[in-house]
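Rule-based calculations on the coordinates, nothing more; no lab input. Please read these numbers as outputs of a predicted model, since none were measured by experiment. Here the Cβ is made from the backbone with ideal geometry for all residues, glycine too, and neighbour counts use every protein chain on show.
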Amino acid sequence: MKIVFGCDPNAEEFKQQLMEYVKGLGHEVTDFGSDDPIYANVAIKCAKAVAAKEYDRGIVVCGTGIGVSIAANKVKGAYAACIHDVYQAQRAELSNHANIITMGSQVIGIELAKCLVKEYLSCTYDPNCRSKDKVQRIIDFESEEQ
């Protein structure tokens, strides 16, 4: 898979460790940087690239994961899930078809983050799952609002 990464300046080291880990899992990795202190800018840039299908998935990090999640979710076609446990990492893709995950470098440790990323990337959305109507409603609403 092609994975795009982004973060704010405070999460640079955390992101670098995650990128090396994801490379080690056999995925292609692109870094959209971390220089901009306005974390929304990198989150939006990553979200646009994922929504345009230039990348299969995105991973964006800030202090809590919340701000980048809110910013990424403003992009049509981007579905970001802020995760902090293994079940959320799995369900982000399995139940919610999230194409981006976000995490907080100040609220979870790097080893847990690696586990979360591995789980997320190992899951594939089943379009026939019991959540399909719920996911479709989100997509439909997004189209109605444009």
Using θ = phi - 60° and the Karplus curve 6.51 cos²θ - 1.76 cosθ + 1.60, what whole-Hz ³J(HN,Hα) does each residue of region 71-85 get, with Gly and Pro shown as x?
5, 4, 6, 7, 8, 4, x, 9, 10, 9, 10, 7, 10, 8, 9
Taking a threshold of 20 Å on the Cα-Cα distance, which of the pairs Lys2/Lys53; Lys2/Lys45; Lys48/Lys134 fall above it?
Lys48/Lys134
Hey, what do the phi angles of region 16-26 turn into as Karplus ³J(HN,Hα) couplings, whole Hz, using 6.51/-1.76/1.60 and θ = phi - 60°, x for Gly and Pro?
4, 5, 5, 5, 4, 4, 5, 4, x, 7, x
For a label point 7 angstrom out from the Cα of Arg130 toward its Cβ, which stretches of region 60-99 have the backbone nitrogen within less than 13 Å?
95
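Return the tail of the calculated pair distribution for region 18-93, meaning the percent of Cα-Cα pairs more than 16 Å apart.
52 percent
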Using only the alpha carbons of region 1-51, determine the length spanned along each of the three principal axes and report them from longest to shortest in whole angstroms.
31, 26, 9
How large is the Kirkwood hydrodynamic radius of the chain, counting all unique pairs of alpha carbons, in Å?
14.9 Å
Gain in length, Lys74 to Lys53, computed as 0.36 nm per residue apart minus the alpha-carbon separation, to one decimal in nm?
5.9 nm
Table column - 3J(HN,Hα) (Hz), region 120-131, Karplus curve with 6.51, -1.76, 1.60, x for Gly and Pro:
4, 6, 8, 9, 10, 5, 9, x, 9, 6, 5, 8
Residues listed by number, region 19-60, amide nitrogen under 17 Å from Cys123 label point at 7 Å toward C-beta
57-60
Grab the DSSP H runs of the chain that are 4 residues or longer, score each as -39,500 (n - 2.57), total them, divide by all residues and round the 222 nm result to the nearest 500 deg cm²/dmol.
-14000 deg cm²/dmol
Dipole magnitude of the chain about its Cα centre (Cβ charges: Lys, Arg +1; Asp, Glu -1), debye to nearest 20:
340 debye
GNM result for the chain, Cα springs below 10 Å: residue of Cys62, Cys123, Cys46 fluctuating most strongly
Cys123
